[in-house]
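FYI, it's all coordinate maths here, none of it is from the lab. On a predicted model such as this, the values are computed, not experimentally measured, just so you know. Here Cβ is always computed from backbone atoms with ideal geometry, including for glycine, and neighbour counts include all displayed protein chains.
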């Protein structure tokens, strides 16, 4: 069955950053599907319907492990959904923690999701800490100059509609390809190729506001066609591209090249 989110329900705000996606707003149904991301679902005004691998429940907050077949119905609820990439240095720990939490009903955090889009990233950090899914580690530390140069190259390549490559990123970083893949994963928190994938998805989401069709947005972000874009969306976090068209894309530019400052760089 399709993992499409039903259009007409999911019309809130979407915050996109490397390795995670946060949706806040009105809920709705999502058919049975599975995806690579670990998922946190929180309802702020009542229980929702959840089915994970055939086990049904009515929690107000729950964690869905990576790869688990599931359906969710949060119709009529004000919700926060967080999808976390279980790759990179902290990925194994997040995946294990999600599996441990899968059969538990979590406490619902106090308050409600922020109305101001720029506050969603900080709100997400708090949700993950409360749920025990915060990756910890070196998050927030500035990137080294070589990795910052590689991130800058990737961003500019996609903006210029060029196909990014590890070879060119390594050249920009003045490192060997093998060395770049090692330090990139350690500092950014995602493997190089997964980071490029998330970058493409984010560029495609931004392009939706500037072009007339989903196909144009897909091509603008470096996908071969709409089918490729759709497949990657569903495999990564169970969302079809068409569901994104009703959502407001909130900025989370803490991860962009301009904010990945090398150590000692000025503001």
With no solvent term and unit scatterers on the alpha-carbon positions of segment 184-229, Debye gives log₁₀ I(q)/I(0) at q = 0.14, 0.25, 0.26 Å⁻¹ of -0.36, -0.78, -0.81
If the elastic network links every pair of Cα atoms under 10 Å, which of 123, 184, 229 fluctuates the most in the Gaussian network model of the chain? 123
Of 27, 93, 19, which is the most mobile in a GNM of the chain whose springs link Cα atoms less than 10 angstrom apart? 93
Spatial separation of Cα centroids for segment 191-248 and segment 72-135, in angstrom: 22
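Where does the chain land at 222 nm, in deg cm²/dmol rounded to the nearest 500, when only DSSP H runs of n ≥ 4 count, each adding -39500 (n - 2.57), divided by all residues?
On the way: 9 runs with 97 residues, N = 267.
Roughly -11000 deg cm²/dmol at 222 nm, from the helical runs in the chain.
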Sorted from largest to smallest, which semi-axis lengths in Å does the alpha carbon gyration tensor of segment 13-131 give for its equivalent ellipsoid, taking the root of 5 times each eigenvalue? 19, 18, 13
Gaussian network model of the chain, Cα springs within a sub-10 Å range: biggest mean-square fluctuation belongs to which of 230, 240, 110? 110
Work out the FRET efficiency for residue 165 and residue 49 from their Cβ-Cβ distance, taking R0 = 45 Å, and round it to the nearest 0.05. 0.50
If contacts are Cα pairs under 8 angstrom and at least 6 residues apart, what is the relative contact order of the chain in percent? 24
Once label points are set 7 Å from the Cα along Cα→Cβ at both residue 75 and residue 248, what is their separation, rounded to one decimal in nm? 2.6
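Report, for the chain, the % of DSSP beta bridges that are antiparallel, rounded to 5. Could you put the intermediate results ahead of the total?
Working: 33 of 36 bridges.
Beta bridges within the chain, antiparallel portion: roughly 90 percent.
Give the calculated FRET efficiency between residue 104 and residue 212 to the nearest 0.05, with a Förster radius of 41 Å applied to their Cβ-Cβ distance. Don't skip to the answer; put the middle values down first.
Working: r = 45 Å, r/R0 = 1.11.
Rounded to the nearest 0.05, the efficiency is 0.35.
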Relative to the longest principal axis of the C-alpha atoms of the chain, give the angle of the C-alpha long axis of helix 177-188, reported between 0 and 90° and rounded to the nearest 10°. 40
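Below 8 Å, C-alpha to C-alpha, sequence gap of six or more: please give me the relative contact order for segment 145-255 in percent. Can you show the working numbers first?
Details: 98 pairs, mean separation 22.5, N = 111.
Over segment 145-255, the number comes to 20 percent.
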Where a ≥ b ≥ c are root eigenvalues of the Cα gyration tensor, a/c under 1.5 meaning rounded, otherwise prolate if a/b exceeds b/c and oblate otherwise, the chain counts as prolate
